[in-house]
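All remarks here apply to the structure that follows.
The values are calculated or read from the model by the stated rules, or taken from the named source; none is laboratory data. Since the structure is predicted, the reported quantities are computational estimates derived from the model, not experimental observations. Every residue, glycine as well, gets a Cβ built from its backbone with ideal geometry; the counts of neighbours run over all protein chains shown.
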Amino acid sequence: MKKSIKTFLKHPTKDFSNRSANPPVTRASTILFDTMQELYEHEKKIKKHKKISHYSYGRYGSSTTIELENILKELEQAFHVFLTGTGFGGVALAVMSLCRPGDEILVSDNVYGPTKEICEKLLKEFYVKAKFYNPDSFEDLKKKVSNKTKMILVENPGSNTFEFQDLSKIVELAKKRNILTFLDNTWGTPLYLKPLKLGFDMSFSSATKYFSGHSDAMGGSLAVNKKVFDKIMFFYKLSGYRMSADEAYLIIRGLRTLDTRLDQHYKNTKQVIDFLKKQKKVKEILYPYKPSSKNYKLWKKYYAGATGLLSIVIKSKKKASVIKFVNSLKLFGIGYSWGGFESLAILQELSSSKKDDYIQGRQYYRFAKDEHIVRLHIGLEDPKDLINDLKHCLRYIK
Ligand SMILES: Cc1ncc(COP(=O)(O)O)c(C=O)c1O
């Protein structure tokens, strides 16, 4: 019987030895075999990518990480899922596995800052050139493709500014030119968008965010198709990337409620936006909340839902007053990351003029100097309380 994904996520893991609804946390370096023959046979099975319940050595994972791989494989409709200790590790794994000296990588200008830094600074050390394209212009992307382009790296929507791109067009172009494609899908999660089904070669999520959902675990998930599997496995094994059994357990636990949490994040976000859109001090809301909002059509074309991360644009000559607004919020914590149960706020400085400030700087940036971007993560608190908090603090903006 075909089950819905909601039911699949609730399906208990059968831990036969402990009779628990959850998998055991198997911390392992050594994994024991009865005979040398059994060890050899098992390694052959792993090489042939057969279904296994344990690896041959803890460096590749344990039964707990395999449990998580299997859940994510189903969610992503993937050939394989590589788990890493942080989300960032998953990005590094993809580019370091596949880009080689002389190659070029085309990167959307609005990707997560450290992703930009890997592509531009780290890959440069290996003679791989990064070119950044305007996420609002498919023409710009097309123009920058060359015979050397090995990979197109997209984040959708873009970090902090939330541009949505026409994903099928990118895949179509890449396939014609034999270019590999990577999508950072952390915002949408595979519940709302399945990049591999769209034709991307790699679908990445920082599991630190909505997968875990409780701000207490870190991890990365790189779901791949068959085409890139061998190359990435080669690098994965030799680089020592892995996720611990404890983090895998926490992420499995988080995934049980992914659908329910995302539903609630969305409901709360809609209520908060209903308030924000009436505020004079908020110039723009960067989120696909109404048909006339920027990129709404592209969101609607590809996504089955929206989540709780957005930005608001505040126009003010007094940046200190915007900082005061953020500092004064009582229910929104100030800090990095997002996707947990709690609300967060952070002022993002994206218009940096320092040329090598990749964490912040953008080549394609449509906002003026006196337009400040405050990123909000709308958590699972009562939205009425969040609205009251925002209402109280918006008055500090001058
Ligand atoms: C869109 C996006 N991708 C990747 C990452 C990196 O994930 P992690 O913090 O788990 O290393 C982040 C982190 O904030 C992110 O926002």
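Find the helices (runs of 4 or more DSSP H) located wholly in the stretch 193-258 whose residues include 2 or more that are closer than 22 Å to residue 62 by Cα, and list them.
On the way: elements: 195-198, 226-239, 245-255.
Once the helices (runs of 4 or more DSSP H) in the stretch 193-258 are filtered for at least 2 residues that are closer than 22 Å to residue 62 by Cα, what remains is 226-239, 245-255.
Among the residues of this structure, residue 184 counts as one that is touching a residue at least 40 places away in the same chain (Cβ under 8 Å), assigned by TED's automatic domain parsing to the domain that holds residue 90 and of a type in the set (Asp, Glu). Among the residues of the stretch 153-190, the ones that are within 16 Å of the ligand (Cβ to nearest atom) and part of a helix (DSSP H, G or I) come to 3 in all. A single entry from 65, 149 fulfils the requirement of being without any contact (Cβ under 8 Å) to a residue 60 or more places away in the chain and either out of contact with any Gly (no Cβ under 7 Å at 6 or more places or on another chain) or within 16 Å of the ligand (Cβ to nearest atom) (or both): 149. Listed by first and then second residue, the pairs with beta-carbon distance under 6 Å, at least 6 apart or on different chains, first residue in the stretch 273-285 and farther than 17 Å from residue 382 by Cβ, second among the basic types (Lys, Arg), are 283/315.
Take residue 38 and decide whether it is among the acidic types (Asp, Glu), surrounded by fewer than 14 Cβ atoms within 10 Å (Cβ to Cβ), modelled with pLDDT of 95 or more and in the same structural domain as residue 246 (by TED's automatic domain parsing). In short, yes. Are any of the residues in the stretch 274-295 within 19 Å of the chain's Cα centre (by Cα), within 16 Å of the ligand (Cβ to nearest atom) and assigned to a strand (DSSP E or B)? Scanning the stretch 274-295 turns up at least one residue that is within 19 Å of the chain's Cα centre (by Cα), within 16 Å of the ligand (Cβ to nearest atom) and assigned to a strand (DSSP E or B).
Regarding residue 364, is this residue within 26 Å of residue 138 (Cα to Cα), surrounded by 14 or more Cβ atoms within 10 Å (Cβ to Cβ) and at pLDDT below 85? Show your work before the answer.
Values: within 26 Å of residue 138 (Cα to Cα): yes; surrounded by 14 or more Cβ atoms within 10 Å (Cβ to Cβ): yes; at pLDDT below 85: no.
When the stated conditions are applied, residue 364 does not pass them.
Selection of first residues in the stretch 339-352 that are on the phi > 0 side of the Ramachandran plot and of second residues that are part of a loop (DSSP other than H, G, I, E, B) and modelled with pLDDT of 95 or more, restricted to Cβ pairs under 6 Å at least 6 apart or on distinct chains, gives the following pairs, ordered by first then second residue: 339/209; 339/210.
Among what's in the stretch 240-252 and is crowded, with 16+ Cβ neighbours inside 10 Å and of a type outside the set (A, V, I, L, M), pick the residue that is farthest from residue 93 (Cα to Cα). Checked the stretch 240-252; the qualifying residue farthest from residue 93 (Cα to Cα) is 249. The set of residues from the stretch 105-121 being part of a helix (DSSP H, G or I) and within 12 Å of the ligand (Cβ to nearest atom) comprises 113, 114, 115, 116, 117, 118. Report yes if some residue within the stretch 313-321 is within 25 Å of residue 132 (Cα to Cα) and either assigned by TED's automatic domain parsing to the domain that holds residue 271 or in contact (Cβ under 8 Å) with a residue 24 or more places away in the chain (or both); otherwise report no. Yes, the conditions are met somewhere in the stretch 313-321.
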